[in-house]
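A quick write-up on the structure given underneath.
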Amino acid sequence: MAGNWKMFKTPAETKDFFAKFLPLVAGSTHADFAICPPFVNIPAAVEAAAGSRAGIGGQNCYWQNKEGAFTGEVTPAMLKAAGCAYVIIGHSERRQFFGETDETVLGRTKAALEAGLIPMVCVGEMLADREAGKTNEVLATQFNGGIAGLTPEEFSRIVIAYEPVWAIGTGKVATPEMAGDAHKSIRALVEAKFGKNAAAAVRILYGGSVKPDNVKGLMAQPDIDGALVGGAALKPEDFAAIVNF
Ligand code: PEP
């Protein structure tokens, strides 16, 4: 269960979140969970989460680990050195607003793996794609361009997140069946490229308006292994309820 804070919260608010959140999940041992705050809050999050089961992640990283003159970018190795275990890659907001392509997704994923991070690689269709019956086609294009170029060993260390763009931050959650079908087709793409064992082992998270009151239905789908949570991950009680589910 991963929380994507997007561009929300200050370091002080980060500390406050963990002070409330960690006691609520102290008894939780059944699921891995992580918070991905804005870069500037990573030190506060790492310090606050020390000694707990909460992992910390970045929301993006550069496609090489070599330092250089790339204003505004952060290497995966820097995230790792700052105490991160995870990084979100190819979120639809990066694809829509910051020119992320399948090619840069693949580069960032490889660099993240090289640094020892667990990349959570996002795929998902726009509303127009779904309405045109092109969901599986879009997922295949994003998979083939952004994930299929990994080696089998690299692939075994990633997490995939299916996030239908029309369900992100809109309150319009995909029905469990819609999400389950998309996860099934992603798992089939994995099987075709990396084999049966890889398809059975890979964790595929659903993201798009996940809340404490809809997590149960989504998680009942056999191909949904967890959630990537935006808005509800900003509230300690809500994200704790999702993790504890
Ligand atoms: C997200 O940011 O990845 C997300 C799924 O957001 P929300 O839960 O707010 O729809």
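The values are calculated or read from the model by the stated rules, or taken from the named source; none is laboratory data. Model, not experiment: these values are computed from the prediction. Using ideal geometry, Cβ is built from the backbone for each residue, glycine included, and neighbour counts are taken over all protein chains shown. Side chains included, ligands, DNA and RNA excluded: accessible areas come from the protein's heavy atoms. Shrake-Rupley method; radii C 1.70, N 1.55, O 1.52, S 1.80 Å.
Among L127, L234, L150, the order of accessible area from largest down is L127, L234, L150, computed with a 1.4 Å probe on protein heavy atoms. Here the Karplus curve 6.51 cos²θ - 1.76 cosθ + 1.60, taken at θ = phi - 60°, turns the phi angles of the range 163-169 into couplings of 10, x, 4, 5, 9, 8, x Hz, with x standing for Gly and Pro.
Rolling a 1.4 angstrom probe over the chain with all protein chains present gives an accessible area of which 57% lies on carbon and sulfur atoms.
Rolled with a 1.4 Å probe across the full set of protein chains, the surface gives D129 an accessible area near 40 Å². Checking the cross-link pairs K110/K134; K134/K211; K20/K172; K15/K193; K15/K196; K6/K216 against a 32 Å limit on the alpha carbon distance flags K15/K193; K15/K196 as lying beyond it. Rounded to whole numbers, the Karplus 3J(HN,Hα) couplings from phi for the range 17-22 are 4, 5, 4, 7, 6, 4 Hz, using 6.51 cos²θ - 1.76 cosθ + 1.60 with θ = phi - 60°, and x at Gly and Pro. Coupling constants for the range 200-215 follow from the phi torsions by the Karplus curve (6.51 cos²θ - 1.76 cosθ + 1.60, θ = phi - 60°), and in residue order they are 6, 8, 5, 8, 10, 8, 9, x, x, 6, 6, 9, x, 8, 10, 5 Hz; glycine and proline get x.
Got a sec? What order do S156, S92 fall in by accessible area at 1.4 Å, biggest, i.e. largest, first? Walk me through the numbers before you get to the answer.
Details: S156 85, S92 10 Å².
From most exposed to least exposed: S156, S92.
Summarising the amide proton neighbourhood of I118: residues at separation of 5 or more, or on other chains, whose placed amide H is nearer than 5 Å comprise Y86, V87. Accessible surface for the range 2-243, divided over its residues, is 45 Å² per residue with a 1.4 Å probe. Charge dipole (Cα centre; +1 on Lys/Arg Cβ, -1 on Asp/Glu Cβ; no other charges) of the chain amounts to roughly 300 debye. For E100, the amide hydrogen comes within under 5 Å of the amide hydrogens of R95, counting only partners 5 or more places away or on other chains and with H modelled in the peptide plane. The order of S28, S52 by accessible area, most exposed first and with a 1.4 Å probe, is S52, S28. Springs between Cα atoms under 10 Å define the GNM used for the chain, and in it the highest mean-square fluctuation of T101, T135, T29 occurs at T29.
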